[in-house]
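Below you'll find the structure, written out as structure tokens, and then a few comments.
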Amino acid sequence: SSGINAEWPLRPGDIPDSEGQFLEMLYLRFAAQHGLKESQCAVFLNKVGETEKVGKVPAMLTKVPHEIVSMENGSNVHAAFCRVISSALTAQSEEWRKGENQILSVQ
């Protein structure tokens, strides 16, 4: 357990100090509590400026698809979002195909 309070509602003292802990808290509160899989979530990391380093994805979220974007100009946000959605749809389609093949093999 990460020691992060995943209960709702969010209280002022619940906000973690680090960005990584904040991402973990959001994941626990909005995804894990509702039974979402890592593949059903996404993390968009905002890169500010050309020289700033982007923070690392916390260990808890390494299986969650993540994209580095720049909210300053927004030019790559749409493409990153499309990549994440496309990947999720492909994975879901593959799951459906496996399920259909399993049903067909039983009959």
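Taken together, the values in this text are just the output of simple stated rules run on the coordinates, not laboratory data. On a predicted model such as this, the values are computed, not experimentally measured, just so you know. Heads up, the Cβs are rebuilt from the backbone with ideal geometry, glycines too, and the neighbour counts pull from every protein chain shown.
Ignoring lysines fewer than eight residues from Lys56 along the same chain, the ones with Cα atoms less than 28 angstrom from its Cα are Lys37, Lys47. Between Lys47 and Leu89, the FRET efficiency from the beta-carbon distance, with R0 = 22 Å, is close to 0.30. Once a ≥ b ≥ c are taken as the square roots of the eigenvalues of the Cα gyration tensor of the stretch 27-101, is the result rounded (a/c under 1.5), prolate (a/b larger than b/c) or oblate (a/b not larger than b/c)? Judged from the Cα gyration tensor, the stretch 27-101 comes out oblate (a/c at least 1.5, b/c at or above a/b).
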